[in-house]
Amino acid sequence: MEQKKRVVVSYKNCSEEVLKAIKEAYPMGYGDAVIKVDKPNGDFFHAITVDYGDVRYLVKVDVKIDNLTEEEFEKQFGSNEEDVSSPESKDDENIDNIASHDDE
């Protein structure tokens, strides 16, 4: 069996045929199929794979990574001021209330 030729190409440089193959391979989008490819020099890129004809393409795709700090997130989306207590802390409060009533 002959092994497929492997080609690395940027999404924006793909031919119409390869773009069509991507749409057929990933009809619901390729978000879950993105892989991180490490380069020998320590850099990396994100890509998807798609076969077209006798070629297996490794297609470089842009990935936006959310790396906001908590402070930046709160500035952009607001903070959650609602007091959310864990069930354990509510149980502790109830035990304290019961204990104080028993002392009376």
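Each residue, T49 and V8, gets one label point 7 Å from its Cα in the Cβ direction; the gap between the two is 1.5 nm. Ignoring lysines fewer than eight residues from K39 along the same chain, the ones with Cα atoms less than 16 angstrom from its Cα are K60.
If you take the beta carbon distance between V63 and E17 as r and set R0 to 25 Å, what does 1/(1 + (r/R0)^6) give as a FRET efficiency, to the nearest 0.05?
0.55
Quick note: the coordinates plus some simple rules give every number you see, no bench work behind them. Just so you know, these numbers come straight off a predicted model, no measurement behind them. Please note: Cβ atoms are built from the backbone with ideal geometry, for glycine as well, and neighbour counts cover all protein chains shown.
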